[in-house]
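Q: The structure is given below, and queries will be raised subsequently.
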Amino acid sequence: MDNEQALQQFKTAIYQNNYDDFDVIELGLFLLESGDFQQRWDVAKLFPQVGEKIIEPLLIILENENIETEYRWFVARILSEFNDLKVIIPFTKLLQTTEEEEILNVVAEGLTKMGNSAVKSLEILLQRDEYSRLLAVKALAQIRHSDTIKPLLTVVDDYNPEIRAIALECLGSFHHKPLIFILINALSDPVYSVRKEAIIALGMQSKLATEFNLVTHLKPLLYDINLEICQQTALALGRIKTDEAIEELSIVLQKKTTPIELKKEVIKALSWTELPQALIYLKQTLFTDDLEICKIIIDLLGNQKRETVRNQSSEILEDFLLSNNPISQEPKIKQKMAVAFGELGNQTAISCLKKLSHDSNKSVKLHAVSGLKKNEH
């Protein structure tokens, strides 16, 4: 029997509701394995009508990474039509294990499509053993539906820190005021990965920063024992953008005891705010710090998007270029400034580029000329 005959026989069985005949399953699997794209597509549209009996054989195919990707992609599409724990859990596992983008996409879409109807099934798993709870919370985090909030709240105090962290990361994506208290409480979690997710989530709640006094809650974590926590806190404060947040970041930046890796994140955070006061603090650091820090600040000043701070950035860089600071005369620093001036492109920047185009260093001169050409009108 060739594929076309097999497809017609398969369709006839489906249209006649003859699902009890196991030849239908065998025909469907045969066509999914050997058919062309159109034949596979036709089978995938009809196969779910056969019912739950096809789940197990299809899962065997889906979980075998030695099988052709397109074949498994169609299998995943068919399985995504079933809102069943037997499908939800394997889909969740695949999200953690497979590196095949095509499979990842259809599995993720499948979980999302199951949506709130899958949540009830996953709530059952949250009441079971630790392994089941972990799988369930990963699936709930993938679904990202408001119906997941209630079940996720049941595991924010789970004794497994991985479960707590996943739950917080997901909850942080919902802008619900009652969740802020949950996130604030998690800032004192003994496990750094949980604190980290709480910090990131709070950093996304800038509109609620004043109402919930988020800066006061976050600033102690700028001095956490874990450097990554300090860095994430700096970035969160940069997203919040209030005067108080900027002030706390400047204090850390000015401390001589602040690790260089934390200074880099603080500088990035201040730059993100795109606010004049933040740039003033960057200017102070530009004139006092080392070569590596200077390069980072120059790059960030050159990438400012708001017109008001673009002009301020040009003026800061001009002051630095014309200063007697030894670092400002380093060829690599002048090259960086030429690139930044080229990006900024305002009157001050053009004036500085003309000056740099006569620099004695050939590379500086070339960067300056390139910046001038970029801004020709």
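Q: Convex hull over the Cα atoms of segment 202-285, averaged projected area in nm²?
A: Over all viewing directions, segment 202-285 projects a mean Cα-hull area of 4.8 nm².
Q: Let me ask you something else. Dipole magnitude of segment 250-318 about its Cα centre, charges +1 at Lys/Arg Cβ and -1 at Asp/Glu Cβ only, in debye to the nearest 20?
A: Working: 10 positive and 10 negative charges, 35 e Å.
Approximately 160 debye in magnitude.
Q: First measure r as the distance between the Cβ atoms of residue 369 and residue 323, then evaluate 1/(1 + (r/R0)^6) with R0 = 22 Å and state the FRET efficiency to the nearest 0.05.
A: 0.40
Q: Ok, one more. Averaged over every viewing direction, what's the projected area of the C-alpha convex hull for segment 124-281? Give it in nm², one decimal, please.
A: If I average the Cα hull's projected area over directions, I get 9.2 nm².
Q: On to the next question. If I take the Cα coordinates of the chain and project them onto the principal axes, what are the three extents in Å, biggest first?
A: The principal-axis extents, from largest down, are 88, 49, 30 Å.
Q: Sort the following peptides by mean Cβ neighbour count (other Cβ atoms within 10 Å, averaged over residues), highest first: 156-167, 228-239.
A: 228-239, 156-167
Q: What three numbers, in Å, describe the spread of the alpha carbons of segment 1-155 along their principal axes, ordered from the longest?
A: Cα extents, longest axis first: 55, 32, 24 Å.
Q: Right, another one. Once Rh is set to the Kirkwood radius over Cα pairs, what Stokes-Einstein translational diffusion coefficient, in µm²/s, holds for segment 55-119 at a temperature of 37 °C and a viscosity of 0.692 mPa s?
A: 286 µm²/s
Q: If each of residue 347 and residue 131 carries a label point 7 Å out from its Cα toward its Cβ, how far apart are those two points in nm?
A: With each label point 7 Å from Cα toward Cβ, the separation is 7.2 nm.
Q: With N set to the residue count of segment 164-216, report its C-alpha Rg divided by 2.2 N^0.38 Å to two decimal places.
A: My calculation over the Cα atoms of segment 164-216 gives 1.00.
Q: Still on this model: If the label point is 7 Å along Cα→Cβ of residue 99, which residues in segment 53-79 have backbone nitrogen under 20 Å from it?
A: Residues 62-73 qualify, since their backbone N sits under 20 Å from the label point.
Q: What is the projected area of the convex hull of the Cα atoms of segment 100-141, averaged over all directions, in nm²?
A: Reported value for the Cα convex hull: 3.0 nm².
Q: Then there is this: Let me have the relative contact order for the chain, percent, based on Cα pairs under 8 Å that are six or more residues apart. Write out the running numbers ahead of the final one.
A: Details: 472 pairs, mean separation 24.3, N = 377.
6 percent.
Q: Could you tell me the relative contact order of segment 134-191? Use alpha-carbon pairs under 8 Å, at least six residues apart, and round to a whole percent.
A: Working: 35 pairs, mean separation 17.3, N = 58.
Across segment 134-191, relative contact order equals 30 percent.
Q: Here's another thing I want to ask about it. Whole number please: convex hull volume per residue of the Cα set in segment 231-351, in Å³?
A: 87 Å³
Q: Okay, next question. If you take the Cα atoms of segment 101-192, find Rg, then find the Kirkwood Rh from the mean of 1/r over all pairs, what is Rg/Rh?
A: The Rg/Rh ratio comes out at 0.97.
Q: Still on this model: As I understand it, the dipole of the chain uses +1 on the Cβ of Lys and Arg and -1 on the Cβ of Asp and Glu, about the Cα centre. Which of 173, 202, 234 lies farthest toward its positive end?
A: The residue sitting farthest along the positive end of the dipole is 234.
Q: Now, a different point. Give me P(r) over segment 315-363, computed from all C-alpha to C-alpha distances, binned every 5 Å, as integer percentages.
A: Taking every Cα pair in segment 315-363, the percentages come to 5, 23, 37, 26, 9, 0.
Q: If every alpha-carbon in segment 1-89 counts as one equal scatterer, what log10 I(q)/I(0) does Debye give at q = 0.23 1/Å?
A: Rounded to two decimals, the profile gives -1.18.
The numbers here are math on the coordinates, done by the rules we state, and not lab data. Note that this is a predicted model, so its numbers are computed, not measured. Here Cβ is always computed from backbone atoms with ideal geometry, including for glycine, and neighbour counts include all displayed protein chains.
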